[in-house]
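**Q** Got a structure for you, questions after.
The values are calculated or read from the model by the stated rules, or taken from the named source; none is laboratory data. Source: prediction; values computed, not measured. Cβ atoms come from the backbone with ideal geometry, glycine included; neighbour counts cover every protein chain shown.
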Amino acid sequence: MKKICFVCLGNICRSPMAEFVMKELAIKDDFYIESRATSSWEHGHPVHRGTQKVLQDHGIPYNHFKTSKQVSLDDISSFDYIVGMDKQNVKDLKAMFPAEFKSKIFLFIEEGVPDPWFTGDFEETYHLVKKGCSLWLEELRNDI
């Protein structure tokens, strides 16, 4: 089983959106999918209401009880892929963990996914996340 963890700054907007979109796209695959934050700023907070709304609008089921959680050394050890939603997330992840784990850290999509916390555009974020998840799903299936 391949294990993938999507990571953004707060784990309330982009990374949980990627988690639930990927779970829906990969429903028939044997993947373990979660999401985390690089920071502890939002620790324990629920998924942002903008993310909840866009997931509902697109018929993507999500866990209403999910709360933000910061990525840990245990996570980086146990997941096969740690995927930062933008270049800053990747940079932060590489700075947070020992060099031996750097080969597990990847960028979600080349252009990155702007944070809708700042842009306010959850719909744009959804389309970038769906595109990225489709690409990752193809990559994961080819890697089996």
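**Q** I'd like the full set of residues that are among the hydrophobic types (A, V, I, L, M, F, W, C) and touching a helix residue (DSSP H, G or I) at 6+ places or on another chain (Cβ under 7 Å), limited to the range 84-134.
**A** Scanning the range 84-134 gives Met85, Phe97, Phe101, Ile105, Leu107, Phe108, Ile109, Val113, Phe122, Val129, Cys133.
**Q** Right, another one. Name the single residue that is surrounded by the fewest Cβ atoms within 10 Å (Cβ to Cβ) among those in the range 106-144 being under 22 Å from Ile76 (Cβ atoms) and of a type in the set (Phe, Trp, Tyr).
**A** Phe106
**Q** Let me confirm something: among His64, His43, which residue is outside any helix (DSSP H, G or I) and touching a Ser or Thr at 6+ places or on another chain (Cβ under 7 Å)?
**A** Criteria check complete, one pass: His43.
**Q** If you don't mind, another one. For the range 118-144, name all the residues that are more than 15 Å from the chain's Cα centre (by Cα) and either among the aliphatic types (A, V, I, L, M) or part of a helix (DSSP H, G or I) (or both).
**A** Residues satisfying the conditions are Phe118, Thr119, Glu123, Glu124, Glu138, Glu139, Arg141, Asn142, Ile144.
**Q** Please work out which residue is surrounded by the fewest Cβ atoms within 10 Å (Cβ to Cβ), limiting yourself to the range 13-25 and to residues that are in contact with a strand residue (DSSP E or B) (Cβ under 7 Å, 6 or more places away or on another chain) and either farther than 14 Å from Trp117 by Cα or of a type in the set (A, V, I, L, M, F, W, C) (or both).
**A** Lys23
**Q** Inside the range 3-40, can you point out the residues that are part of a helix (DSSP H, G or I) and either at positive phi or not polar (S, T, N, Q) (or both)?
**A** Arg14, Pro16, Met17, Ala18, Glu19, Phe20, Val21, Met22, Lys23, Glu24, Leu25
**Q** Taking the range 85-117 as the region of interest, how many residues are farther than 21 Å from Val21 by Cα, among the aromatic types (Phe, Trp, Tyr) and either part of a helix (DSSP H, G or I) or under 12 Å from the mean Cα position of the chain (by Cα) (or both)?
**A** Adding up the residues that qualify gives 1.
**Q** Select, from His48, His43, the only residue that is farther than 24 Å from Asn142 by Cβ, touching a residue at least 24 places away in the same chain (Cβ under 8 Å) and surrounded by fewer than 16 Cβ atoms within 10 Å (Cβ to Cβ).
**A** His43
**Q** Looking at (1) surrounded by 16 or more Cβ atoms within 10 Å (Cβ to Cβ); (2) modelled with pLDDT of 95 or more, which is the one condition that is false for Asp74?
**A** With respect to (1) surrounded by 16 or more Cβ atoms within 10 Å (Cβ to Cβ); (2) modelled with pLDDT of 95 or more, Asp74 is out only on (1).
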